[in-house]
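Asker: Would you mind keeping the following structure in view while I ask a few things?
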Amino acid sequence: MTAVESELRSIGELARTSGLTVSALRFYDRSGVLAPARVDPVTGYRWYTEEQVGPARLVAGLRRVGMPLAGIAEALRHRHRPAEVHRLLDAHLRRLEDGLADARRELSRIRSLIDPEETIVTTRLVLSRTDLAAAVDAVRFAVGTDPDLPVLSGVLVEVEPDGVRLVATDRHRLAVARVAGTVDGPPVSALLPVAAVDELRSLLDLDGADAAEVVVATGRVTVTVAGRPLTAVPLPYDFPDYRRLLRAQLGDVPTYRIPFDGAALRAALTADGVPVCHRAHEGVEHEVVALGLDGRGELRLVDPNGVVDAGGAGGADGAGGPDALRVAVNREYLLDALGSGDGQLVLELDGPIAPLAVRRADDAHAFSVLMPVRL
């Protein structure tokens with residue numbers, strides 16, 4: 001052993017110290033994730049420094065929770081920036097939770113296939129009436145109206161172990177909202193027709209009760225507020241796999257994450273003389289606006305034809321000047337995504353032709369996804 005090698009750890013020693021196997025260390029070397037400090041040119045034996053023990057243990061932990069290889073590599077690159085790593089961990093945890101919810105729903109469906117005569121199982125929820133009303137408002141605008149796509153003409157109600165998620169999409173935009181609550185029964189989902197959703201929204205305006213009781217069973221959904229029940233028959237369609245859409249179109253860590261004042265942007269979008277251009281889609285003309293960044297990395301409206309307009313509404317993480325980002329979007333769709341415009345919102349996207357997400361800064365479970373417009 002040379003003097004240099006005596007100061008290094010062998011691959012076996014690092015394996016024992018980190019919790020990774022020798023074969024795993026070789027794999028992460030070949031993948032460019034955790035390269036050894038020195039490789040013997042004759043024997044090919046790998047040697048590691050003491051400083052590589054910490055990264056190796058990080059890799060081992062991420063491997064145990066099923067983090068994809070690309071995520072492990074990114075976590076190592078950003079290990080000295082805790083906020084970035086925490087964002088990666090949060091995104092991976094959401095994937096795991098979504099996968100578990102999917103598995104529970106599929107197992108429930110499989111059980112019904114095995115024993116179709118089994119007694120119908122119901123799931124009962126108790127939710128805040130005002131929170132459920134806000135969630136309906138957050139997704140209702142995105143319900144589809146195309147008669148050729150009846151599967152999009154409703155709101156998906158997904159019951160989870162600790163609440164319910166509402167989802168709607170018309171292909172051009174997607175809205176998701178979540179309400180925490182008390183759940184008694186297995187995870188289940190139902191696609192409510194838009195007419196029933198509108199009736200539900202009116203029911204939720206009733207005074208006299210703080211809570212809404214929801215009972216989901218095969219073939220029916222019943223909501224009771226202040227002693228008044230509403231029963232709806234779900235649509236007989238399988239709603240698109242919106243989770244796969246989100247994973248494919250929105251990265252775990254977006255390139256741009258821009259906080260902004262929702263009320264300020266809404267005011268700018270509705271002001272006289274707001275810069276717009278017009279684009280036709282399927283024979284219908286729409287007003288298109290453009291968002292960009294100023295020199296301070298703050299969100300503002302820009303002229304979609306290239307002339308910069310004044311006015312800012314927020315600040316971007318790592319923005320690179322006025323020309324760092326410019327994205328065009330349907331003006332009406334953006335206003336719908338902003339909702340009432342109250343509070344701090346966050347715009348997330350990866351570039352001018354990538355889908356963009358509008359989230360509430362205080363609620364990661366409520367967001368809208370919009371498709372950009374090519375200028």
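The values are calculated or read from the model by the stated rules, or taken from the named source; none is laboratory data. Remember, predicted model here, so these are calculated numbers, not experimental data. No Cβ is skipped: glycine too gets one built from the backbone with ideal geometry, and neighbour counts run over all protein chains shown. Note: accessible area is taken over every heavy atom of the protein model, side chains too, but ligands, DNA and RNA are not part of it. Shrake-Rupley method; radii C 1.70, N 1.55, O 1.52, S 1.80 Å.
Asker: Once you have the Cα-Cα distance between Asp98 and Arg244, take 0.36 nm times their residue separation minus that, and quote the gain in nm to one decimal.
Answerer: That pair, Asp98 and Arg244, stretches by 51.5 nm at full extension.
Asker: Let me ask something else about it. I'd like the orientation of helix 194-203 relative to the chain: the angle between its Cα long axis and the longest Cα principal axis, in ° from 0 to 90, rounded to 10.
Answerer: So the helix axis and the longest Cα principal axis differ by about 80 degrees.
Asker: Here is a follow-up. Determine, at each q value in 0.12, 0.16, 0.19, 0.21 (inverse angstroms), the log₁₀ of I(q)/I(0) that the Debye formula gives when each Cα of the range 12-145 is one equal point scatterer.
Answerer: Rounded to two decimals, the profile gives -0.72, -0.92, -1.11, -1.23.
Asker: Scan the range 151-206 for trypsin sites (Lys or Arg not before Pro) in coil per DSSP, keeping those whose Cβ has at most 16 other Cβ atoms within 10 Å, and list them by number.
Answerer: Here the trypsin sites (Lys or Arg not before Pro) that fit, given the DSSP loop and packing criteria, are Arg171.
Asker: Ok, one more. Determine the distance separating the Cα centre of the range 254-295 from the Cα centre of the range 19-68; give it in Å without decimals.
Answerer: 47
Asker: Now for a separate question. Counting heavy atoms of the protein chains only and a 1.4 Å probe, report the per residue accessible area for the chain as a whole number of Å².
Answerer: 51
Asker: What is the chain's relative contact order, in percent, from Cα pairs under 8 angstrom and six or more apart in sequence?
Answerer: Contact order relative to length: 12 percent.
Asker: On full extension of the chain, what length is gained from Thr270 through Arg81, given 0.36 nm per residue of separation minus the C-alpha to C-alpha distance?
Answerer: That pair, Thr270 and Arg81, stretches by 64.1 nm at full extension.
Asker: Right, next: Considering only the other residues whose Cβ falls under 14 Å of the Cβ of Arg129, what net charge follows from Lys and Arg at +1 and Asp and Glu at -1?
Answerer: -4
Asker: On alpha-carbon atoms, Rg over Rh for the range 8-70 using Kirkwood Rh?
Answerer: 0.95
Asker: Which value, in Å² rounded to 10, gives the accessible area of Asp350 with a 1.4 Å probe and all protein chains present?
Answerer: The accessible area of Asp350 comes to roughly 60 Å².
Asker: Once the Cα atoms of the chain are picked out, what are the Rg and Dmax in Å?
Answerer: Cα-based Rg and Dmax for the chain come out at 25.3, 83 Å.
Asker: Would you calculate the separation in nanometres between label points at His278 and Ala180, each defined as 7 Å from the Cα along the Cα-to-beta-carbon direction?
Answerer: Result for the modelled spin labels: 4.8 nm.
Asker: At 1.4 Å probe size, what's the solvent-accessible area of Ile353? Round to the nearest 10 Å².
Answerer: 110
Asker: Sorted by accessible area (1.4 Å probe), largest first, how do Arg87, Arg77 line up?
Answerer: Descending accessible area places them as Arg77, Arg87.
Asker: Now, a different point. HN-Hα J couplings of the range 158-168 from phi, Karplus 6.51/-1.76/1.60, θ = phi - 60°, integer Hz, Gly and Pro as x?
Answerer: Each residue of the range 158-168 in turn: 10, 7, 10, x, 10, x, 9, 10, 10, 9, 8 Hz.
Asker: Of the chain, which part is the longest with no GluC sites (Glu not before Pro) in a loop (DSSP not H, G, I, E, B) and with at most 15 other C-beta atoms within 10 angstrom?
Answerer: No qualifying site falls inside 119-281, the longest such stretch.
Asker: For the range 123-223, compute Rh as the Kirkwood radius over C-alpha pairs and then the Stokes-Einstein diffusion coefficient at 37 °C and 0.692 mPa s; write the answer in µm²/s, rounded to an integer.
Answerer: In µm²/s, the coefficient is 242.
Asker: Which residue, His365, His80, His92, has the most motion in a Gaussian network model of the chain that connects Cα atoms within less than 10 Å?
Answerer: His80
Asker: Restricting to DSSP H runs of at least four residues, report the calculated mean residue ellipticity at 222 nm for the chain, -39500 (n - 2.57) per run over all residues, nearest 500 deg cm²/dmol.
Answerer: Value at 222 nm, helices only: -10000 deg cm²/dmol.
Asker: First compute the accessible area of the chain with a 1.4 Å probe, then give the percent of it belonging to carbon and sulfur atoms.
Answerer: 52
Asker: Just to confirm the number: angle between the C-alpha axis of helix 129-140 and the first principal axis of the chain, 0 to 90 degrees, nearest 10?
Answerer: Helix 129-140 sits at roughly 80 degrees to that axis.
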